[in-house]
Every structure is written in structure tokens, then in C-alpha cells.
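Structure first, then comments.
The values are calculated or read from the model by the stated rules, or taken from the named source; none is laboratory data. Computed from a predicted structure; not experimentally measured. Here the Cβ positions follow ideal geometry from the backbone for every residue, glycine too, while neighbour counts run over all protein chains shown.
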Amino acid sequence: MPYCPDCFTEYVEGVAQCADCGTALVPGSPPEPPRRKVADLGNSELVRIRVFSGGTAQMDADLARNILETEGIPCVLPGETSAEVLPVLDVPLFVREEDAERATELLKSYLDEGEPLPSE
Ligand SMILES: [Zn+2]
């Protein structure tokens with residue numbers, strides 16, 4: 001069965017183009033659709049390590065999540081699972097309790113880099 005490589009819709013034999021997006025179909029079966037990687041948080045206690053706020057909150061939070069996931073630390077942004085399109089003012093970022101300390105340090109070094117250290 002041909003399928004659309006863009007939206008992974010499967011079509012019957014003989015169809016050459018995706019009805020949805022117009023992309024040329026490719027033969028074979030569609031691979032597993034790309035899925036958002038769901039962090040495996042187990043039953044761990046979640047700790048809020050940071051709250052992003054302001055107009056770039058969601059962007060900052062996404063960046064932070066990328067940083068943490070690159071380091072192998074699963075994290076949760078509660079806002080992303082809802083379908084709400086309301087502007088989010090504060091985006092909290094959660095990690096597992098056991099990762100909290102490391103995650104905080106990582107974000108500090110990545111996100112706060114360049115800021116002058118507080119003098120003693
Ligand atoms: Zn398509």
C-alpha cells in the first residue's frame with residue numbers, strides 16, 4: 001500500500017498523490033509515525049526546578065527541556081499536553097526528584113551562562 005511520506009496516510013494501490021498534502025506517495029507500508037518521545041518518569045516524585053515566565057516562557061522551557069534530554073534527564077512541561085492555545089504566562093519545568101539537583105545545575109550553566117556571578 002502506498003503511503004504519504006509527509007503525513008503517513010495510507011492509500012489504496014493506484015493512488016499516486018496524497019489527497020491531504022499533495023505529496024507523491026511512496027510504495028510500501030508507512031513506518032511508525034514519528035511520535036513525541038514520552039519521557040519515562042516512572043513513579044518518581046516530580047520536582048519543579050524552574051518556572052519560565054514572560055513572552056518567551058514556552059520557548060525557554062522547550063530549550064531547557066532539550067538541554068536536559070540531551071543530558072539524559074527526562075522532564076515534564078505540563079502545559080504541552082493540553083490543547084489549550086491560551087497564552088501561557090508561567091511554564092513550570094518538572095524533573096524527577098533524583099535528577100533535580102543535576103538538572104538545576106545544568107540549566108544554570110546553560111541558561112544563566114554569561115551572567116555575572118553574584119559577588120560574595
Ligand atoms: Zn500527505
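Only one residue in PRO74, PRO78, PRO87 is modelled with pLDDT under 90 and under 11 Å from LEU46 (Cβ atoms), so which one is that? It would help to see each step written out before you state the result.
Working: PRO74 fails: modelled with pLDDT under 90; PRO87 fails: under 11 Å from LEU46 (Cβ atoms).
Criteria check complete, one pass: PRO78.
Of everything in the stretch 28-71, what is assigned to a loop (DSSP other than H, G, I, E, B) and at pLDDT 90 or above? Give them in sequence order.
First, pick out the residues of the stretch 28-71 that are assigned to a loop (DSSP other than H, G, I, E, B): 28-45, 54-56, 71.
The one that is assigned to a loop (DSSP other than H, G, I, E, B) and at pLDDT 90 or above: GLU71.
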